[in-house]
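Here's the structure, in structure tokens; my notes come after.
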Amino acid sequence: DIQMTQSPSTLSASVGDRVTITCRASQSISDWLAWYQQKPGKAPKLLMYKASTLESGVPSRFSGSGSGTEFTLTISRLQPDDFATYYCQQYNSFSTWTFGQGTKVEVK
Amino acid sequence: EAHLEESGGGLVQPGGSLRLSCAGSDFTFSSYSLAWVRQAPGKGLEWLSYISSSSATIYYADSVKGRFTISRDNTEESLFLDMSSLRVDDTAVYYCVRNEYYTGMDVWGQGTTVTVSS
């Protein structure tokens, strides 16, 4: 099975900061990677798919990059609404879907 | 806007059974693949099961294979998860999701809580 590893697990940042989260796959997944945002007590929300395509309605301060085994999610200027937990997910293996363990973006 | 709503969660004893349901609305339910994802308290997301639009293709995570059964009724626009031999570590919020081939899991329900405890 493909394993997904995110880093860091927790990230402390301030409003206006540029934030980068990394996700690594245990084997190549091409660009079959999605990013989700989850706030406490709420369902996850799709932010990005195919590694770098922004879901409709998601602010342009979010961007994604990478292919193969290494991927990044970047928030160009962190806003108060962005404090949340972020998950990557591979969907290259179309019989199992694997999430990273999550990265919590907290107030510094 | 597409909407999914789960129901059926609750408290069940270890070894017991439970059926979760998920109602879809505002999209062509029968055209989309669906899945169940869960989140244990304070933990990350875990994919559990997938079902194609026609029910022809079904997959399960190893953690639930043989204990959980996914099914759907396109005429009723409903998705189901039949859970048996429940264990304490099945305690989680269970989410119904629309699972698109190209875009991933693009629509999520609000979740239903399952607690397995004696």
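No lab work stands behind these numbers, since they all come straight from the coordinates. Since this is a predicted model, take the numbers as computed values, not measurements. Neighbour counts are summed over all protein chains in view; Cβ atoms, including those assigned to glycine, are modelled from backbone coordinates with ideal geometry.
Placing +1 on the Cβ of every Lys and Arg and -1 on the Cβ of every Asp and Glu, with nothing else charged, gives chain A a dipole about its Cα centre of roughly 220 debye. Of all beta bridges that DSSP places with both ends in chain B, some 95 percent have antiparallel geometry.
Each residue of region B:17-26 is assigned a 3J(HN,Hα), and the resulting list reads 10, 7, 10, 9, 10, 9, 9, x, 8, 6 Hz, derived from the Karplus form 6.51 cos²θ - 1.76 cosθ + 1.60 (θ = phi - 60°), x at Gly and Pro. The length gained on full extension between A:Leu54 and A:Gln3, counted as 0.36 nm times the residue separation minus their Cα-Cα distance, comes to 16.0 nm. For the cross-link pairs A:Lys50/A:Lys108; A:Lys42/A:Lys104; A:Lys50/B:Lys65, which exceed 21 Å when the distance is taken from alpha carbon to alpha carbon? A:Lys50/A:Lys108; A:Lys50/B:Lys65, as the Cα separations exceed 21 Å there.
Highest GNM mean-square fluctuation among A:Thr96, A:Thr72, A:Thr53, for chain A modelled with Cα contacts below 10 Å: A:Thr96. Look at the stretch B:106-118: the mean tally of other chain Cβ atoms within 10 Å of its residues' Cβ atoms is 2. A simple spin-label model places the labels of B:Asp62 and B:Val88 2.3 nm from each other, with each point 7 Å out along Cα-to-Cβ. Springs join every pair of Cα atoms under 10 Å in this Gaussian network model of chain A, and among A:Phe71, A:Phe94, A:Phe83 the largest mean-square fluctuation is at A:Phe94. Give me the log10 of I(q) over I(0) for region A:24-103 at q = 0.15, 0.17 Å⁻¹, as the Debye formula computes it from C-alpha points; what are the numbers? These q points yield log10 I(q)/I(0) values of -0.49, -0.63.
Taking region A:77-100 and a reference point 7 angstrom along Cα→Cβ of A:Ser28, the backbone N atoms nearer than 17 Å belong to A:91-94. Modelled spin labels at A:Ser93 and A:Thr72, positioned 7 Å past Cα toward Cβ, are 2.7 nm from each other. Counts of other chain beta carbons within 10 angstrom of each beta carbon in peptide A:89-102 average 5. The three principal axes of the Cα atoms in chain B give end-to-end lengths of 40, 26, 25 Å, sorted in falling order. Quick one: check the C-alpha center-to-center distance for region B:49-93 versus region A:33-102, whole angstrom. A separation of 25 Å, based on Cα centres.
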